Every structure is written in C-alpha cells, then in structure tokens.
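Undergrad: Before I ask anything, let me first share the structure, which is written out below as structure tokens.
Computed from the coordinates by the stated procedures, all read-outs in this text should not be read as laboratory data. Note that the structure is predicted; figures quoted are calculated from it, not measured. Don't worry about glycine lacking a Cβ; one is built from the backbone with ideal geometry, like all the others, and counts go over all protein chains shown.
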2 protein chains.
Amino acid sequence: MKSYKELGREELLSLKESLDRQYGEAKAKGLKLDMSRGKASVSQLNMEMDFLDVVNSDTEIKTETGVDCRNYGLLDGIPEAKRLLADMIGVSEDMIIVFGNSSLNIMYDAVARCMLFGVLGSTPWCRLDKVKFLCPVPGYDRHFAITEQFGIEMINIPMTETGPDMDLVEKYVSEDPAVKGIWCVPKYSNPQGYTYSDETVRRFAALKPAAEDFRIFWDNAYAVHDLYEDERDELLEIFAECEKAGNEDLVYEFCSTSKITFPGSGISAIAASRANLESIKSIMTIQTIGPDKMNQLRHVKYFKNIDGMKTHMKKHAQIIRPKFEAVLEVLERELGGLGIGTWTRPRGGYFISFESLEGCAKAIVQKCKEAGVVMTGAGATYPYKADPKDSNIRIAPTFPSEEELSVAADLFVLCVKLASVEKLLEG
Amino acid sequence: MKSYKELGREELLSLKESLDRQYGEAKAKGLKLDMSRGKASVSQLNMEMDFLDVVNSDTEIKTETGVDCRNYGLLDGIPEAKRLLADMIGVSEDMIIVFGNSSLNIMYDAVARCMLFGVLGSTPWCRLDKVKFLCPVPGYDRHFAITEQFGIEMINIPMTETGPDMDLVEKYVSEDPAVKGIWCVPKYSNPQGYTYSDETVRRFAALKPAAEDFRIFWDNAYAVHDLYEDERDELLEIFAECEKAGNEDLVYEFCSTSKITFPGSGISAIAASRANLESIKSIMTIQTIGPDKMNQLRHVKYFKNIDGMKTHMKKHAQIIRPKFEAVLEVLERELGGLGIGTWTRPRGGYFISFESLEGCAKAIVQKCKEAGVVMTGAGATYPYKADPKDSNIRIAPTFPSEEELSVAADLFVLCVKLASVEKLLEG
C-alpha cells in the first residue's frame, strides 16, 4: 500500500472520486448501527440469564454473619460481597464498601463529598477559589463530565503505552496545591486499552502532593476484563505500593460488576484506607440506610468466589474477542500502510482507540453518522470535548453483532479514507 | 385509676417501692428486644418471598417500549415502574423519576443538589451565609440528620393532629428568604401517624415564599400503608393544589416501596414539576447511567398494577395491625387515667408517638435499655436530638413478634410509671 501522503493531487482526486462513489453506495444501504458506547451485547446478556435464578423464594437469605439481606442494615455491604469485590481488585476485604449498581455514581458522590465536606478535615472544595484535576488524555468522557459539572478545572496529561506522562503528573501534583485529583483507568484504559506499568503505579503511589487533600481516583473498571487467557495485562496493586511509600490515604479505588453481570444491575465498590473509609462512612450513614443487599447476595450466589467470576469472564471474552479481532482485521487490511491512522490493539477492556490525521476525527464521525453508523462523538475523549488535534476516535466494538460490526467497520475505514483524502487535498 | 399527680408523697414513695421491685424482676429476665426502628418483621418478609420468583431466566426482560432492562439506559426509569409509583401517590407518570432502593438517598441527593447547584438557576445554597429549614416536631430523625449534616439551621414547628402549625409555617416562609425548605411526612406522619388535613395541604400549596428557591420536601413514605380497610386516612394530592395556586414548582415529593416489598431492596421515586424534573435530570445524567431496571421490572411483574399493590398491603396490615393494637391495649390498660402520658392511635404508618410528663423521656428510654428493650433514642424526633420538653418517645411496634411486643410494652409502661413517680417525687 502506498501512503496517502505520497500521492499527488491528481491521484488524490481520482481516489476521492472512487471513495465518494463507495460512500454513496454505503449511504444508500440505510444502516442503523451503534459503535458509540461500551455496552454488552445481547449475546453476552443471554449467556448469563441464569444469574436471575440463583436467588428465589427458596434461597437462604441470610449473610454468613446471620444478617437478613431483605431488611434494612449493613451500610457497607454484606461480608461475602466485600470479599468477592476485594478479590476482584486484589485488596483486603476490610478496605471495601459495597454500593449499588453504578461505580460512576460512587465516583460522582466521592467528588461531591470532597466538594461539600472536604477530605479528612480539609476545607470543602466548594469554598476554594480554584480546584484542578489532572486528566490523562484521551480518557473517559464520563469522568470529565463529573469534574466539569463541579466547575473543576481540567488539565490534559498525555497518555503513553505505560500510563500517563508521570513527569508531568509529578510536577503538577507536587507544585500546585490547587491540583486535588487525577482520573485514572489503570487497566485496559478507556479508550486505548493500555495498562499502567509497574513503574507508573509505583510513581503514583509515591506522589508527594502539594495539597493534603489530593486524591487519585483509580477507576479499575476492567480489572478482570481480559480478552486473552494467555496474554493478559497485569496491573500492580496500588495500595500495597502506597503503604510502602507511606501514602496510605492517597487513593480512592473504584470497581463494579457492570460488565461482568448485567450492566444495569450490577454491584460496585470503593476501596480505600481505613481513615478514608471511616470518613466516607460517617457521611454516607446520613445519605442512605444501605444498598440493595439481595442483589449483592445474587452476585455472591452466582459466582461463589473470584474463581467463579474469572471463569465467567472467559465466556464474555469468547464473545467479545472475535469482535475486537474483526475490527482490527478491517483496520489492518484497509488502512495498513496508508499513513492515515493508527490504532491500539488492546488485550482487554471495551475499546479500541483510533488516531486519525490531525483535523479529521470530527469529519470521520460525521460521515459515519450520515451513513447510519453512530460512533462516540469526536472530542468526547478529552475534557470539555476539546481534542486539540481533532484526531482521536473511540471505537466500541462490543454491542453490535459480528455481522453488523463488519459492516460498521467497513464503513468506518471508508470514512477515514475519505476524510483523509479531503484533508490532504485542502493542505 | 387515680392520677399520679393527685398522689401524696407517702403514696408516691410506696408506689415507687412496688415499681422498683417489679422493675428489678423485669431486669432479671435478661430481655433483648428492639422497638427502635420502623423495620418490617420476619413474618412480613416471609409472606412476600414469591417476590423473588417473578423475574427469572424465562422472563421477558424488555419494557413495554422494547428497552432491554439488563443493559444500560433509561436514566429516569422504565415506563411501567413510573406508572406504578405514580399511581401509588396519585400523580401523573410523567412527573416521576424512578431511583434505586432508598428514598432517603433521593432526599439527601435532592438537598445536596440544592447545596451545590441551587434550584432552577438560584445561587447554590453552599454559597449562602445562612440556609434554614422548617422542621415539624416531633418528626423523622433521618430528615433532621440530612439538614444537620449540610449545616442547615433547623427551626421547630409544632405538629398538630391536622399537620404542622400552618400559621407559623406561613409566617416563616413568607417573611424569611433564608428559609429554603420544610420536611413533611404528610400521611401517617413519623412518629405520630397524623395525616395532614385538606386545609393544611391547600395552605402548603398556596405558600408565597420569600425565597424563590424554597421547596417543600414532601416525604410521602406511607402513602399506601393503611392499617384498617374501613377507616383509612385520605391525603389530598398536593400537585393538583399547587397547580390551582400557580405554584407548580413548589414541591419535591418522595416515595418508595421500602415497606411494601423488602425494605432493603425496593425502588423509590421523586415526583416534581416538569421544570424541576428537567433540572434534576440534567444534573443526574452526569451522576449515573441509571438505576437497576431489573428490580423495577421485578416490582412491576410482582404487583402488575396499583390494585395488586393495595391487595398486597392488606396482607402487611393483617400482620402489623395486631401489633399496634397490642401496644395500644397495654398503654390504655396500664396508663389510662394516670395522667403520666398521652399517645397517638394511628390508622396507618409505622409508629406510635408517646408523650410523657415533661423531663421524663430520657429516663424512660434509659430504664428500658437497662432492662433490655431498645427504644428510639429520646430526643431523636427533634432537630439536633434536642427535645425541649424531654417528653417525646417514638414507639416502633412492627419488628418484634407479637409475643415479644407484649413483653416489651409491659416493660415500657413500667418504666413510664417509674420515671414519672421519680419525677413527681423530685418536684
């Protein structure tokens, strides 16, 4: 394949003519496909319908400690569920509070608590003139939406294959007391699928923040979401490193079963140091009497333990892996060598990150949309939806069927080619 | 029966001696009973175990509009659940957002949103020097705990059999722009079991607040919790009255199924005007992807509709009613005519409110505790746990078995007598 950049104007014009024709044909098909969100597919959900049977009218509804799961009580979760989620992220079960179906909600509430009540006795953030968060980019749009809603200034930190640019992170965190937090998806990052290296985790754990109320928001959303059995990323457990560095209170870690059991009906958890947990619970105890313990019991009965969960995740991988591979195959076959895009090859998680030529992402997503394929909005992976190079696109291959996916991927590469040619003709 | 106040010193001393002996005997029994919280009993929970069977692996998991309840989506709830909860409180289903298992959590978040973002464009309350709430007393301790946590000043408003003292409410609300809210349990109030009269509801709906961001927090927790079929309180629906008064945005109403199905695993809702709902949703959409729709579906499948729910509530009433009657019988038999206490006779809800002689409530609760019966803490029914007369005690008869309850009630009246005699001997 010849790189598009080596093509002359006439070659580009002729190529554009051919691509325009193909695009016209694609549009005429009247597609209606969605590669925008990290949603589980119907096949995944159908595969786990027996999840709905493990709790029924014959079920022993008491916890191992004898608490009736049907009634009020147990603010921080049933012991069995604590253990399951603790094992999922490799921490001790006494570091866990179990919540309802949304880890996003826990993260939001964690920031809201800092805004309203501060952190372990610090000034509430809502009383400060300026609060800043570091945002590894590209990153997760819903993280950025939270900090934006609270009026927190967001600072872009470039991502690398080993995690965020740690020189920059250390500089900001150690020098600026207005920097109060950083959003991290440390394993199979959203959208690249990168896993932070051991060195990155150690540097995080050893941060010396200028602000006493600085916290790392460690969203371990894809802890057990491996695509390959033999080739999986290992994330160093951060609390053990924090302890070595004398930084026990530095991290709030989040996890959930949202892409393990039904996305809308999972359970979630925060993991934190004793001091952080006590502070959180002292505020939470006014907010709620506690989360749905029957659903915690349902998860425990379904998986029994972490091994059961891991076996279950292999079934998900069997469904998802071919979809990732189908998209990657199309990208490689159609765009390989053309010099108009690069992409990641994740070993887990829910996304592939695509980098187009500068100034093409919006055009590509728009063209896809006009031909009936919805992608995550261009820019969504950056704070304020502002991708400075207009080049990043998040691909979410899990929701469509394999057949739909191959149609959608074909359209996507066509739109990449077309937008790239148009860009090169401008230049 | 001769009133204690008519007894001379010698009679009181002799009575005390006899009561002391009885109390010593009661203590020796080593009781361990709990009349402190409004918890459903094991009989109630066992009666509804089939709730766990209505959703299983054979269930049609789509909403009537075709949405897959297992996956992400539907921030404001499934249409069927909106309708069920709307019918429960007599409003239109488009006024509803369905949430997770805790209406307390919705109320907390509602106040938190006002603190952080204001109300329909007003200044966030956290930026104001002073925010005040009116608190009908005695009232619900968890309401007062929320406003206390946010540093909101609480003002006591005396309750009457027809609702809060509305002259006082109107005066505060119309004159003081720092008054931003009032906590109400309008039907079968906690702890008295009073239901606001039509006139009270109309006066609420017609309030002319000095503060544009004043809201009524209308916690309709006991909307369908009648004890008697033939003798039930009817609460006037407030939104219709608000509309007549041109006050559509004045009310946030809350409800839940927490004492209809399993207390820890219910669904809950906020009802509000279109403008309020839109504002709430615009903030919520950043906080969560949405509540557990499978549990909403479970409720809808279990009850089918509001008639199914009402039939179900009759079964609860059959279990609870004898408990209320047992306590009331003991109170009447043992304390009637003694002039040392008054109490309410609710037709629904979860509590009986007891008024002792001034300065006796703490002593009574303490004596009960020492003999092994836990009551709601004296003072808990007042903001800042400060009952100015130290006279109110909330009795929660639902959790113990009937047998336990009769033992607990016997002890309670004994402690009332003893504390009263001691008080009279002091005077």
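Undergrad: Report for the protein assembly as shown the percent antiparallel among DSSP-assigned beta bridges with both residues inside it, nearest 5.
TA: 50 percent
Undergrad: Cα-Cα pairs above 21 Å in the range A:66-304: how many percent?
TA: Value for the range A:66-304 (Cα pairs over 21 Å): 55 percent.
Undergrad: Express in % the proportion of alpha carbon pairs of the range A:115-155 at distances exceeding 11 Å.
TA: 66 percent
Undergrad: Same structure, new question: Calculate the dipole size of the protein assembly as shown relative to its Cα centre from +1 charges on Lys and Arg beta carbons and -1 charges on Asp and Glu beta carbons; express the result in debye to the nearest 20.
TA: It comes to approximately 160 debye.
Undergrad: So, one more: Long-range amide H contacts for B:Val374: which residues qualify at under 5 Å (H placed 1.01 Å from N, peptide plane, sequence gap of 5 or more or a different chain)?
TA: The list, which skips near neighbours in sequence, is B:Leu33, B:Asp34, B:Met35.
Undergrad: Divide the volume of the convex hull of the Cα atoms of chain B by its number of residues and quote the answer in cubic angstrom per residue.
TA: Spread over its residues, the Cα hull of chain B gives 144 Å³ apiece.
Undergrad: Still on this structure, please answer the following. Give the relative contact order (percent, whole number) for chain A; include only Cα pairs under 8 Å separated by 6+ residues.
TA: Dividing the mean separation by the residue count of chain A yields 26 percent.
Undergrad: Under 19 Å Cα-Cα from B:Lys130, which lysines qualify once same-chain neighbours fewer than 8 residues away are excluded?
TA: B:Lys171, B:Lys180
Undergrad: Hey, with R₀ at 35 Å, roughly what FRET efficiency would A:Ile283 and B:Ser43 work out to, going by the Cβ-Cβ distance, to 0.05?
TA: The calculated FRET efficiency here is 0.50.
Undergrad: Expressed as an acute angle from 0 to 90° and rounded to the nearest 10, what is the orientation of the C-alpha long axis of helix A:306-335 relative to the principal long axis of chain A?
TA: Once rounded, one gets 20 degrees.
Undergrad: What percent antiparallel are the DSSP beta bridges of the range A:180-289, to the nearest 5?
TA: 35 percent
Undergrad: Still on this structure, I have one more. For the range B:89-192, what size does the Cα cloud have along each of its three principal axes, sorted from largest down, in whole Å?
TA: That gives 36, 35, 25 Å along the principal axes, largest extent first.
Undergrad: For chain A, find the longest principal axis of its Cα atoms and tell me its angle to the long axis of helix A:166-175, 0 to 90°, nearest 10.
TA: That helix lies at roughly 50 degrees to the long axis.
Undergrad: Now for a different question. Provide the percentage of antiparallel DSSP beta bridges, counting only those with both residues in the range A:66-304; round to the nearest 5.
TA: Here the antiparallel bridges make up roughly 35 percent for the range A:66-304.
Undergrad: Once the piece of chain linking A:Glu402 and A:Lys304 is laid out straight, how much longer is it, given 0.36 nm per residue of separation minus the C-alpha distance between them?
TA: 32.1 nm
Undergrad: Oh, and also: In nm, to one decimal, how far is the modelled label at A:Val67 from the one at A:Lys369, with both set 7 Å along Cα→Cβ?
TA: 4.6 nm
Undergrad: Taking the Cα atoms only, what angle lies between the long axis of helix B:402-426 and the longest principal axis of chain B, rounded to 10 degrees?
TA: 60 degrees
Undergrad: Next question. So if the hydrodynamic radius of the range B:329-427 is defined as the Kirkwood radius over C-alpha pairs, what does Stokes-Einstein give as its diffusion coefficient at 20 °C and 1.002 mPa s, in µm² per second?
TA: 157 µm²/s
Undergrad: Determine which residues of the range A:48-74 fall in the zone a paramagnetic label at B:Asp53 would reach in this model, i.e. backbone nitrogen under 13 Å from the point 7 Å along Cα→Cβ.
TA: A:56-59
Undergrad: Quickly estimate the mean residue ellipticity at 222 nm for the protein assembly as shown, helices only: each DSSP H run with n ≥ 4 gives -39500 (n - 2.57), and the total goes over all residues, rounded to 500.
TA: That calculation yields -13000 deg cm²/dmol at 222 nm.
Undergrad: Share of Cα-Cα pairs in the protein assembly as shown beyond 51 Å, in percent?
TA: Here the long-distance tail beyond 51 Å is 23 percent of all Cα pairs in the protein assembly as shown.
Undergrad: If the cut-off is a Cα-Cα distance under 26 Å, which lysines reach B:Lys27, setting aside same-chain residues fewer than 8 apart in sequence?
TA: B:Lys16, B:Lys39, B:Lys323, B:Lys362, B:Lys367, B:Lys369, B:Lys417, B:Lys423
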